[in-house]
Amino acid sequence: MKNERIVIFDTTLRDGEQCPGASMNLREKLEVARQLARLKVDVIEAGFPITSEGDFAAVQTIAREIKGPVIAGLARCVPADIDRAAAAVKPAGKRARIHVFLATSKIHREFKLNKAQSEIIRLSVEGVKRARSYVRDVEFSPEDGSRTEPEFLVQVCQAVVAAGATTVNIPDTVGWAIPDQFGALIKQLHDAVPEFRSGKAVISVHCHDDLGLAVANSLAAVRAGARQIECTVNGIGERAGNASLEELVMALRTRGDWFRGFQCGVNPREIVRSSRLVSRMSGLAVQRNKAIVGENAFAHSSGIHQDGILKKRETYEIMDPQDVGWGTTELPLTKHSGRAAVAARLRQLGFRMSDAEVQAIFTRFKEIGDKKKFVYDDDLTALAEDRITEVPETWSLDYLHVTSGSRTVPTATIQLRTAGRGKAVETVQDASIGDGPVDAVLKAIDRLTRTKGKLLDYALRAVSQGMDALGEVTTKVDFGDGQVVTGRGASTDVIEASARSYLNAVNRYLGSNAKCSSGNPQP
Ligand code: KIV
Ligand code: ZN
């Protein structure tokens, strides 16, 4: 039996981060990249360096810090983009990849680029050659490839491979493709370009989920000759998102009978942890019924199913939940656990924290341990992620007092502290009424911080089990300039978690370096 390796190219930090409101700061991106390395993806597309200083810094830092996967930076077929991407990925040395793209479809050529086919080929070849002058590993993407005339697409592939591209990625940019048809297109390219058949160059696919077919299209492409799949954790990405990494990996593994001989190097036991981290860092909740990583993915409610599972698990379960990282928690910690135990558990959970960070987490751990009997791994993870998502605090919460009930006007009294900024620490206090306790709290914070946020989304979830579970609040806030800022906060008290989350959004907004997500240009 042939044994063919499928390269898993993760673009959570580039295409995934293009999702509105999903932007992450440098620390958050680095943490996700560390987890992607533990997940053992082959390639991490860390960003689009020309778009902002923040994106450049993120790609460069990830290229310097992360060992194992290839680190890719995206660039248009424009010299300045390519030079910037080259500088950003340079610290990865031999593991550096430059990914250049240019649209090839008729509609993009005529309406977006106003360029003839010959011009597109010339620019693509020049882009690949320039990238090759920096690195050996060059990927080219004909944007909107699935809607490009197949004969022209063949010419583009031949030209860029001859110019030195080692991977040619066929994007289904607008999620238009249908599995049979997309598979046939990939086969046509595979048959037409000798380097794809000899393995000198790799065909990749990059599918969007506008028709809910991204994973199906990617799998059809694998059977037709593709050997790299581009995907994101939780399927996050532009519009309806990208092909979901966890679904692809588990489809290849679970249906090895069908995808005979195809293997990827991803460690499936890291899937749930990766999903949770990306969800928290991006502020994008995972729907309960999401395959593999949703809360309900392995929950059986019907009596017939439960009965079958008890008799033989495989009657209704095609995968073992533990194989993807569900239910592998250790004994919970308690308020009696010491700093060393907390530090050890943080390390075990995969967090790399400085002593000061461990101390800050330990202080909150003690506060929570006083209120709750057991502190579970999920609680500790929420505290650690709270710390990671913290931005330099212009304002921090000192105390909060709320009165609320069915026959009183909800009122919040809040004291905030201005933290640092080279000035003496100052405390300010104010009170506000609101439609409910959360509304009163947010209004009081607005008054004290002199900001005016419009709450676009508010989500509360229990981090762990039990009535005393930590509540984690994610807020999406528009501060008036159209920029959506995501805030997060966790506490055993959901009102306090709301205040922490909103304050986190305020601090992100106020901190000039808080956002390092890409601005223009976007692919
Ligand atoms: O969807 C797309 O076409 C892209 C390319 C830049 C690969 O993201
Ligand atoms: Zn894309």
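Bear in mind these aren't lab numbers, they're just calculated from the coordinates by the rules spelled out. Everything numeric here is computed off the predicted structure, so don't read it as measured data. Cβ sites come from the backbone with ideal geometry, for glycine too, and all protein chains shown count toward neighbours.
Considering only Leu102, Ala92, Phe298, and ranking their Cα positions along the charge dipole of the chain that arises from unit charges at the beta-carbon of Lys, Arg, Asp and Glu, the one farthest toward the positive end is Ala92.
Modelled this way, with points 7 Å down the Cα-to-C-beta line, the labels at Arg288 and Ser302 are 1.8 nm from one another. Under a cut-off of 16 Å between alpha-carbon atoms, report the lysines in cross-link reach of Lys106, not counting same-chain residues fewer than 8 places apart. Within the straight-line limit of under 16 Å, Lys106 reaches these lysines: Lys115. Just want the answer: with Cβ charges of +1 for Lys and Arg and -1 for Asp and Glu, which residue in Gly47, Pro79, Ala63 is farthest toward the dipole's positive end in segment 1-79? Farthest towards the positive pole: Ala63. Loop-located trypsin sites (Lys or Arg not before Pro) in segment 338-390 (DSSP state other than H, G, I, E, B) with a sparse environment of at most 16 neighbouring Cβ atoms within 10 Å: Arg352, Lys373. Computed from Cα positions, the angle between helix 150-163 and the longest principal axis of the chain comes to roughly 90 degrees. Each label point was placed 7 Å from the Cα along the Cα-to-Cβ direction; for Ser133 and Arg269 their separation is 4.8 nm. Annotation for segment 1-40 versus segment 366-409: alpha-carbon center distance of 29 Å.
So what is the 222 nm mean residue ellipticity for the chain from helices alone, if each DSSP H run of at least 4 adds -39500 (n - 2.57) and you divide by all residues, rounding to the nearest 500 deg cm²/dmol?
-12000 deg cm²/dmol
Protection proxy ranking of 165-174, 208-217, 118-127, by the mean of other Cβ atoms within 10 Å over each peptide's residues and highest first, is 165-174, 208-217, 118-127. For the charge dipole of the chain, defined by +1 on Lys and Arg C-beta atoms and -1 on Asp and Glu C-beta atoms about the Cα centroid, which residue among Ala240, Ala214, Ile186 has the Cα displaced farthest towards the positive pole? Final value for the positive-end residue is Ile186. Listed by chain and number, the aspartates and glutamates whose alpha-carbon sits under 15 Å from that of Lys335, ignoring those within fewer than 8 places in the same chain, are Glu367, Asp370, Asp377, Asp379, Asp468.
Here the label points at Gln348 and Asp180, each 7 Å from Cα along the C-beta direction, are separated by 5.3 nm in the simple model. Here are some pairs, Lys371/Lys476; Lys67/Lys373; Lys40/Lys200; Lys29/Lys452; Lys67/Lys129; Lys40/Lys187; which of them have Cα atoms lying more than 30 Å apart in this structure? Among Lys371/Lys476; Lys67/Lys373; Lys40/Lys200; Lys29/Lys452; Lys67/Lys129; Lys40/Lys187, the Cα-Cα distance tops 30 Å for Lys67/Lys373. Taking the C-alpha atoms only, the angle from helix 271-282 to the longest principal axis of the chain is near 70 degrees. Based on the Stokes-Einstein relation at 4 °C and a viscosity of 1.567 mPa s, and on the Kirkwood radius from alpha carbon pairs, segment 180-254 is assigned a translational diffusion coefficient of 104 µm²/s. Computed extension gain for Lys200 through Ala431, at 0.36 nm per residue and net of the alpha carbon distance, reaches 76.4 nm.
Axis angle, to the nearest 10 degrees, between helix 245-254 and the longest C-alpha principal axis of the chain: 70 degrees.
Relative to the Cα centre, the charge distribution of segment 395-479, modelled as +1 at Lys and Arg Cβ and -1 at Asp and Glu Cβ, gives a dipole magnitude of about 280 debye.
Give me the percent of Cα-Cα pairs in the chain that sit more than 34 Å apart, rounded to a whole number. Above the 34 Å cut-off, the chain has 41 percent of its Cα pairs.
When you restrict to C-alpha pairs under 8 Å that are six or more residues apart and normalise by the size of the chain, the relative contact order lands at 13 percent. Checking the a/c ratio against 1.5 first, then a/b against b/c, what shape does the Cα gyration tensor give for segment 310-446? Oblate, because a/c is 1.5 or more while a/b does not exceed b/c.
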